[in-house]
Every structure is written in C-alpha cells, then in structure tokens.
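This report concerns only the one structure given below.
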Amino acid sequence: MDSNKEKMVILGGVRLHGEVKISGAKNSAVAILVAAILVKGKCIIENVPNVSDIIDLIDIINGLGGKAKFVGDDVVEVDCTNLSNHVASSERVKKIRASSYLMGALLGRLKKAKVALPGGCDFGVRPIDQHIKGFEALGAIADIEYAMVNLEAEKLVGDTVYLDVVSVGATINIMLAATLAEGTTIIDSAAKEPHVVDVANFLNSMGANIKGAGTDVIKIKGVSELHGGTFSVIPDQIEAGTFMIAAAATRGDVTVTNIIPKHMESLSAKLEEMGVGVQEFDEAIRIYVDVPELKRVNVKTQPYPGFPTDLQPQMLTLLTVANGTSIMKENVWEDRLRYVDELNRMGANVNVEGKDTAVVEGGTRLKGVPVKAKDLRAGAAMVIAGLIADGVTEITNLQYIDRGYENFENKLRALGGQITRRIVNQDAPDMPAVI
Ligand code: EPU
C-alpha cells in the first residue's frame, strides 16, 4: 500500500508508558550504504532501519550495477565489486536527499559521477556549494546542467578544504571522495554529528585511514583499496529524541533503550530544565513527568553537539503544553517552521517571526483535526500533537514519516498510544478500531 494513500488515526489523551527499542540511525545508514560503493567486497551492514529512504537507496545501488539487499530484518548486504555505472538519474535519486552522497562515492570509486540534484524534505534552499568546493579542491571538474551534477577527475589528490558552513552532507561527501584519493585531505570546520563519526568508523573498518571525525578537523589519508567486512550502525538519535519528547508531552513514563545517552545530552538538558524527569542508564534513558506543570524554555537549533534541528518540530509541539511563553529559534534551515500552521489549526498558539523564530504561547489544549505531515520531522510532531490532543487526529502525507521512522505506530501502540493506520477515504469512527 502506498503511504501517500494512507492516514494515521490517533485518539489523544493516553500517557505513554513502557519501554521502546530504538532502531539504527537512518541518517547514518543512508550514508554508509552509499559509502559501500567505495568497497570492492561484501559489506554486511547491521542495525539498518527498514524505512523507505533505505529501500530507495538499495534500489539505486542495484541500478548502478552494485548488489544490495536486506538479508535479515535489519541487516543489509552490499557488494559493489562490479559496480561500473556512474550515472544516477532515476526518480528515486531525485526523491531522497541522501542521494547526494552518490556524488562523493561515485567520484571516489570511478573518478566520474553524474547525479540528479537531490531532493528530500523541503525547508527552503538546500545548496550543495560546499560539496562541490570540496570535490574541486581534490581535483574534480564540476558542472551542473539540466539539474544534473557532472563530476570528473583524471585523479583525485588530497588538499585542505575549509567549509564555510558546518555541513553534515558536505563533510561526509568530501570524506567519501577523499578515502581513495592520493595524499592527505583535511576537512576544516567539519560537522561533528554522530553519523559523521559513524561513516568514518565504517570506512576505517573497511581499510580507510580517517582520523578526527567528531572534531572540527578530519584528516583522511588516501588508501588504494577498501575491503569488505561487517559493521553495525549507531542507534538513531532523532528517533530516540522523538520518543523522549512524546513521553514528556503525554506526561508518561517511558524508557528509551538501545541508545547512546551522550548523543541525547542537548535534549536531556532542555527536558530537565522544563522539569521533566530524565534518568540515564548505560544504553537507555527513562523519561517521566511527576510535576504538575512543565516550565517554559527557549531553544536554539545548532549543529551537533547543539540542539538538533531534526528535533525542532517535536520539541516545539512539547512547548505548547508548557507553562508560559517559549521561543524556538531555527538556526540550521532557513524555512523549517512551515508546519506551524498545522499545529495552530489544532489549537496551538504559535507565532512565527521572520522565517526562523517561533513564539510559543504554552498552556494550550490541542484538539484533534485532520492535519498533514509537511515533512519527515514535522510529521513526527503531528503524531506527538495527536497523542496529546483531545479527540481524534488524522494525519495524511504519511510518505514523509515513512522515510525515517521504522514501525512508528507499532512502537507507539506498544507504549499504550491509541494509533492506527487506515486508507485515506476510509471513515475514522470516534476511535481507531484496529488496535
Ligand atoms: N549548506 C550550504 N551549502 C552546502 C551544504 C549545506 O549552505 O553545500 C547549508 C544548508 O542550507 C543548511 C546547513 O548548511 O542551512 C546544514 O546543512 P547540512 O548540509 O548539514 O544538511 P544535510 O547534510 O543536507 C543532514 C540531514 C538532515 C539534517 C541536517 C542538519 C541527512 C540525510 N540529512 O542534511 O536531516 O537536518 O543534516 O543536521 O543526514 C532529517 O533527518 O529530517 C533531515 C532533514
């Protein structure tokens, strides 16, 4: 069934309780699957979430002459030993943002790449100038024509690249292009996100020589070949954060397991500031609310280790039930507050000033109405809104949510959430019947 023909139906008002196991990180897995293009040999990649972005990438890799498939619930085997096609132009390539990694991987492996300009969620302009700057520094000739990026190099030779913007995509892409280049590449002002580190760890475990991932300066000494092996993707920081926020918003008691608590520090700190109980374990965090009212807080999104932009819509939704006025400032994407209209239709009182600042008047009671998932994380925010709203919320445009959340409604149902999926034109009675 097409997820754009389905809707989620949620009856709000239930406090979530219990334990939820977090899947592998989608934003890490998409990069690692593409990084496997650099490897001559079989890569077994474990802890891969079964979400539509991954299914699309598997199809894209197969279309390029590689062999990729799920061989277990969360295990993907990729063998690109015989990959020879450098042109990626299918509709799937245009659909997902992570296809931009094909530029670095194909250039690194084949010294040429022709890749359709990547799509993904729409938060305004999504430039790739820093990616191109990096490829050119390594010796590639780049041009963009008819929405295709063409890259070619006789050989790639390491150099120093200073990024003008802290960019996850550019950092990973330059790392991919530099892994098999001659000499040493230095990425200065690199992104420090957990998935940047994970991609470096993957490449190193296949024979690359990358140091400094997780700091501002990454040093890549080129190697002549990578070999196959097995690697396990880190837990999904954003899925974990989404469940932590959902637990707080519903005044529940939820333990989020299979996570790296260090990755959650910026969120945990904000939740504690609001009065939410946060109990940390080695690989889990328990979230509970035992105070009568949550306090207002101001939040600014920043590159890691700051508060992640990918938790901004979920956090803003939580702020609608806090006591007082909170300010949410989006510093990473120029236009990532468009979904606020949907929240206001549910009864929230949020004013957007400029494009990047939301003033959230807390203490509102949301009401269930039909809403749209405007993008992946805004979709998750609508689910949280539905869980706390009075009555029934119906969410359409589920294709966005399905890009990045594995078994979302099953996991929420296991925590007591009253949530189900129906085809769009099917009547939703007062309560979802299929629970
Ligand atoms: N930017 C430039 N030039 C570039 C590249 C980026 O100006 O060449 C700017 C962007 O316009 C943006 C900022 O730099 O303002 C950060 O963009 P970045 O390149 O870091 O984003 P990305 O790599 O395209 C990844 C995630 C996004 C997440 C951002 C920021 C993946 C597949 N996507 O995107 O995740 O929001 O980093 O952390 O890893 C999501 O999962 O919902 C999602 C959108």
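Annotations
Okay, residues lined up against (1) outside the structural domain of SER84 (by TED's automatic domain parsing); (2) surrounded by fewer than 23 Cβ atoms within 10 Å (Cβ to Cβ); (3) part of a helix (DSSP H, G or I); (4) within 11 Å of the ligand (Cβ to nearest atom):
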site: SER99; (1), (2), (3), (4): no, no, yes, yes
site: GLY108; (1), (2), (3), (4): no, no, yes, no
site: VAL115; (1), (2), (3), (4): no, no, no, no
site: LYS133; (1), (2), (3), (4): no, yes, yes, yes
site: ASP143; (1), (2), (3), (4): no, yes, no, no
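- Check on ASN82, more than 22 Å from the chain's Cα centre (by Cα) and of a type in the set (S, T, N, Q): yes
- Residue in region 201-211 that is crowded, with 21+ Cβ neighbours inside 10 Å and farther than 18 Å from CYS43 by Cβ present: no
- Test: residue in region 399-417 that is in contact with a Pro (Cβ under 6 Å, 6 or more places away or on another chain) and outside any strand (DSSP E or B): yes
- Matching residues, region 223-245, being out of contact with any Leu (no Cβ under 9 Å at 6 or more places or on another chain) and either basic (Lys, Arg) or within 14 Å of the ligand (Cβ to nearest atom) (or both): VAL233, ILE234, ASP236, GLU239
- Candidates VAL149, VAL196, VAL166 - the one that is under 28 Å from LEU117 (Cβ atoms), in a loop (DSSP other than H, G, I, E, B), in contact (Cβ under 8 Å) with a residue 12 or more places away in the chain and under 26 Å from the mean Cα position of the chain (by Cα): VAL166
- Qualifying residue in region 86-97 (condition: of a type in the set (Gly, Ala, Ser), more than 16 Å from the ligand (Cβ to nearest atom) and either within 27 Å of ALA246 (Cα to Cα) or not in a helix (DSSP H, G or I) (or both)): yes
- Residues within region 301-325 that are assigned to a strand (DSSP E or B) and crowded, with 16+ Cβ neighbours inside 10 Å, tallied: 2
- When GLU353 is tested against (1) more than 16 Å from the ligand (Cβ to nearest atom); (2) crowded, with 16+ Cβ neighbours inside 10 Å, exactly one condition is not met: (2).
- If you go through region 150-172 and keep only what is within 15 Å of the ligand (Cβ to nearest atom) and either of a type outside the set (Val, Ile, Thr) or not assigned by TED's automatic domain parsing to the domain that holds ILE220 (or both), you end up with LEU151, TYR162, LEU163, ASP164, SER167, GLY169, ALA170.
- Matching residues in region 241-296 - criterion: being crowded, with 17+ Cβ neighbours inside 10 Å and charged (D, E, K, R): ARG251, ASP253, LYS270, ARG286, ARG296
- The strands (runs of 3 or more DSSP E) falling completely within region 335-394 that include 1 or more residues that are assigned by TED's automatic domain parsing to the domain that holds LEU412 and within 17 Å of ASP310 (Cα to Cα) map to 357-361.
- Once region 173-207 is narrowed to residues that are of a type in the set (S, T, N, Q) and closer than 22 Å to CYS80 by Cβ, the residue that is nearest to the ligand (Cβ to nearest atom) is ASN173.
- MET328 fulfils the conditions (1) closer than 22 Å to ASP236 by Cα; (2) within 16 Å of the ligand (Cβ to nearest atom); (3) part of a strand (DSSP E or B) except for a single criterion, (1).
- Beta carbons closer than 7 Å, at least 6 apart along the sequence or on distinct chains, never pair a first residue in region 282-309 that is outside the structural domain of GLY252 (by TED's automatic domain parsing) with a second that is among the basic types (Lys, Arg) and in a strand (DSSP E or B).
The values are calculated or read from the model by the stated rules, or taken from the named source; none is laboratory data. Keep in mind that this is a model prediction, so the values were computed, not measured. All Cβ positions, glycine included, derive from the backbone under ideal geometry; neighbour counts span all protein chains shown.
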